[in-house]
1. Taking segment 63-96 as the search range and keeping residues that are within 28 Å of residue 168 (Cβ to Cβ), assigned to a loop (DSSP other than H, G, I, E, B) and charged (D, E, K, R), which one is modelled with the lowest pLDDT?
2. Among the residues of segment 128-139, which ones are touching a strand residue (DSSP E or B) at 6+ places or on another chain (Cβ under 7 Å), of a type outside the set (Asp, Glu) and over 14 Å from residue 179 (Cα atoms)?
3. Among the residues of segment 99-106, are any of a type in the set (D, E, K, R), at pLDDT 85 or above, surrounded by fewer than 16 Cβ atoms within 10 Å (Cβ to Cβ) and in contact with a Ser or Thr (Cβ under 7 Å, 6 or more places away or on another chain)?
4. So in segment 171-197, with the set limited to residues that are at pLDDT 80 or above and of a type in the set (Gly, Ala, Ser), which one is nearest to the chain's Cα centre (by Cα)?
5. Considering 170, 106, 114, which residue is of a type outside the set (Val, Ile, Thr), touching a residue at least 12 places away in the same chain (Cβ under 8 Å) and part of a loop (DSSP other than H, G, I, E, B)?
6. For residue 166, all conditions in the list (1) more than 22 Å from residue 93 (Cβ to Cβ); (2) of a type in the set (S, T, N, Q); (3) modelled with pLDDT under 90; (4) exposed (fewer than 10 other Cβ atoms within 10 Å of the Cβ) hold save one; what is the number of the exception?
7. Are any of the residues in segment 148-155 under 15 Å from residue 77 (Cα atoms), modelled with pLDDT of 90 or more and among the small types (Gly, Ala, Ser)?
8. Is it the case that segment 46-55 has a residue that's at pLDDT 80 or above, under 30 Å from residue 181 (Cβ atoms), not small (Gly, Ala, Ser) and not in a strand (DSSP E or B)?
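The values are calculated or read from the model by the stated rules, or taken from the named source; none is laboratory data. On a predicted model such as this, the values are computed, not experimentally measured, just so you know. Glycine gets a Cβ as well: all are built from the backbone with ideal geometry, and neighbour counts include every protein chain shown.
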Amino acid sequence: MPGSLGSVDAEELRAHASDRGCEAALDEAIEIIEQLAVVVERQERTIGQQAATVRDLSGTIARLTQRRPAVSAAVLIEGPTTMSGTSISIDDRTGKAKLAWEDDHGDVTSKPDGALVSWSSNDVAVATIAVDTADPTGDTADITPVAVGTAVITATVTAADGTPLQKPDGTGPFTIPPAEVDVVPGAADQVVLSVAP
């Protein structure tokens, strides 16, 4: 504010300066100080605006990086696709089944906290299934082919107390569609040619 420098009285300074014959120099100094005060005030406003922008950006980043809760899951079986499902060869030692979790936007997300996954095969004479011990989440399982045929692989999700795991939106428990796996014959070990006489 012109004529005022906070605790310094500009008029009093001018009076002292007049006594010493340096009033013009003092006026110039006061003008410079007042201009600097305006610059500082503008910078403070700019810093305040930048701080608000940073807070807004931080909130946006937090929202974007936060995973949405899972609302569905599907059993995926690795291997070639057949008419009825996915195939693994009887010659394979194991195949893989994985549980893929999705949020309400169809994006991949993580398993709900506390969820326990158990795996089963409806025909252990065709294929057995067991949790992959290398995956601590339990979302991956090993399928062992036993005989040519079709087996249905099911993943069941429960809460820690063994009750069905409820969806976060309160619409009921997770129901995961099963997946079929076809155990197919392996490749021939050798080709035998026979020539008719």
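1. Step one: of segment 63-96, the residues within 28 Å of residue 168 (Cβ to Cβ) are 63-77, 96.
Narrowing further to those that are assigned to a loop (DSSP other than H, G, I, E, B): 66-71.
Subsequent filtering for residues that are charged (D, E, K, R) retains 67-68.
Values: 67: 68, 68: 76.
Among residues in segment 63-96 that are within 28 Å of residue 168 (Cβ to Cβ), assigned to a loop (DSSP other than H, G, I, E, B) and charged (D, E, K, R), the one modelled with the lowest pLDDT is 67.
2. Looking only at segment 128-139, we keep the residues that are touching a strand residue (DSSP E or B) at 6+ places or on another chain (Cβ under 7 Å), and these are 128-132, 138-139.
Checking the rest, the ones that are also of a type outside the set (Asp, Glu) come to 128-131, 138.
Residues satisfying the conditions are 130, 131, 138.
3. Step one: filter segment 99-106 for residues of a type in the set (D, E, K, R), giving 102-104.
Checking which are at pLDDT 85 or above leaves us with 102-103.
Those still in the list that are surrounded by fewer than 16 Cβ atoms within 10 Å (Cβ to Cβ) too: 102.
Of the ones still in play, those that are also in contact with a Ser or Thr (Cβ under 7 Å, 6 or more places away or on another chain) are 102.
Checked segment 99-106: at least one residue is of a type in the set (D, E, K, R), at pLDDT 85 or above, surrounded by fewer than 16 Cβ atoms within 10 Å (Cβ to Cβ) and in contact with a Ser or Thr (Cβ under 7 Å, 6 or more places away or on another chain).
4. In the first step, residues of segment 171-197 are kept if they are at pLDDT 80 or above; the result is 171-185.
Next cut, of a type in the set (Gly, Ala, Ser) only: 172, 179.
Values: 172: 24, 179: 26 Å.
It comes out as 172.
5. Working: 170 fails: touching a residue at least 12 places away in the same chain (Cβ under 8 Å); 106 fails: touching a residue at least 12 places away in the same chain (Cβ under 8 Å).
Going through 170, 106, 114 in turn, just one is of a type outside the set (Val, Ile, Thr), touching a residue at least 12 places away in the same chain (Cβ under 8 Å) and part of a loop (DSSP other than H, G, I, E, B): 114.
6. For residue 166, the exception is condition (4).
7. Going through segment 148-155, the residues under 15 Å from residue 77 (Cα atoms) turn out to be 150-155.
Cutting the leftovers down to modelled with pLDDT of 90 or more gives us 150-155.
Now narrow it down to the ones that are among the small types (Gly, Ala, Ser): 151, 155.
The answer is yes; a qualifying residue exists.
8. Filtering segment 46-55 for residues at pLDDT 80 or above gives 46-55.
Now restrict to residues that are under 30 Å from residue 181 (Cβ atoms): none.
Checked against the condition, which is being at pLDDT 80 or above, under 30 Å from residue 181 (Cβ atoms), not small (Gly, Ala, Ser) and not in a strand (DSSP E or B), segment 46-55 yields no hits at all.
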